[in-house]
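Engineer: Input: one structure, supplied below.
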Amino acid sequence: MPTNSGKYWVSWANTHAKNSLKVDDLDVLFKANVKVFIKALTDAGAQVVVSTTKRSNKRAYLFHWSWKISQGKCKPSDAAKMSGVDITWDHGELIKSKAGALEMVRGFGLAVPPRSINPPSLTSNHIAGKAIDMTITWTGTINVKNKDGNEEALTFSTNANTNIALHKVGESFGVKKLKTDAPHWSFNGR
């Protein structure tokens, strides 16, 4: 029997469609690149907190549609169905549908504008293990070695999306920043 969107689905996903937090669960080639990038950062004094690596396609589905509906980017009736996820997005009233979707967005801890202006992808690189969400912090300026061993001075910015120097270091390791989603890095920048 279908269940309306809302916090129930956060609990359901945490049991049936978990995210991985383990770098070791990433695609073999991307995992190697991520590990050396994180090591370069931590060797320089940065702290790296991983929030997601590999993601279930069912979880990606729930992320995508809850974000779009809660942000008014589509009608609840626009949401596609997914086998194995018996959710009702349209509660019969737009305000109730948006409220249920917003409960999910908050429960999942999804970034919304201004931190992220794009809905979570249905075909995310996370599903293939080729993306990682991580928060990188440090104090002041640190010197990080890029893949070639050259030191790059990185000054901390609270907005990871605009820290071009950090992006360049990551890219030298094959870990590319998606500049519209604060924690997201991947093999191709998407």
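Bear in mind that the values in this text are calculations on the coordinates, not laboratory data. It should be emphasised that the depicted structure is a prediction, and the values quoted were computed from it without experimental measurement. Methodologically, a virtual Cβ is constructed for each residue, glycine included, from the backbone with ideal geometry; neighbour enumeration extends over all protein chains shown.
Engineer: How far is it, in nm, from the label point at I117 to the one at Q47 when both lie 7 Å from their Cα along the line to the Cβ?
Structural biologist: Those two pseudo-labels are separated by 3.0 nm.
Engineer: Can you put V34, V169 in order of Cβ neighbours within 10 angstrom, beginning with the fewest?
Structural biologist: The fewest-first ordering by Cβ neighbours comes to V169, V34.
Engineer: Hey, another quick one. Could you list which residues have their amide H under 5 Å from that of T88, counting only those 5 or more apart in sequence or on another chain, with H placed in the peptide plane?
Structural biologist: Answer set, sorted by chain and number: T3, N4, S5.
Engineer: Computed FRET efficiency, Cβ-Cβ of E152 and C74, R0 41 Å: what is it to the nearest 0.05?
Structural biologist: Computed FRET efficiency for E152 and C74: 0.50.
Engineer: Once segment 1-71 is represented by equal point scatterers at the alpha-carbon sites, with solvent omitted, what log10 I(q)/I(0) does the Debye formula produce at q = 0.12, 0.13, 0.17, 0.18 Å⁻¹?
Structural biologist: -0.47, -0.53, -0.76, -0.80
Engineer: Related question: Quick one: length gained pulling L21 to Y8 fully straight, 0.36 nm per residue minus the C-alpha distance?
Structural biologist: 2.5 nm
Engineer: Let me ask something else about it. Using a Förster distance of 22 angstrom, determine the FRET efficiency expected from the C-beta separation of S56 and D86, and round it to 0.05.
Structural biologist: 0.90
Engineer: Rg/Rh for the chain to two decimals, with Rh computed the Kirkwood way over all alpha-carbon pairs.
Structural biologist: So for the chain, dividing Rg by the Kirkwood Rh gives 1.03.
Engineer: Sort I69, I127 by Cβ crowding within 10 Å, fewest neighbours at the top.
Structural biologist: Ordered by Cβ neighbours within 10 Å, fewest first: I127, I69.
Engineer: How long are the semi-axes of the ellipsoid equivalent to segment 34-89, from square roots of 5 times the Cα gyration tensor eigenvalues, in whole Å, largest first?
Structural biologist: 36, 14, 7
Engineer: If you don't mind, there's one more thing I want to ask. In the structure shown, do any of K31/K177; K7/K81; K96/K179; K18/K81 have a Cα-Cα gap over 25 Å, and if so which?
Structural biologist: Pairs exceeding 25 Å: K96/K179.
Engineer: Separate question: Report the one residue of V34, H167, S5 whose Cα lies farthest in the direction of the positive end of the charge dipole of the chain (charges on C-beta: Lys and Arg +1, Asp and Glu -1; origin at the Cα centre).
Structural biologist: S5
Engineer: Compute the helix-to-body angle for 57-70: its Cα long axis versus the longest principal axis of the chain, expressed 0 to 90° and rounded to tens.
Structural biologist: That helix lies at roughly 70 degrees to the long axis.
Engineer: I'd like the trypsin sites (Lys or Arg not before Pro) in segment 1-79 restricted to DSSP loop residues with at most 15 other Cβ atoms within 10 Å, sorted by number.
Structural biologist: K18, K22, K73
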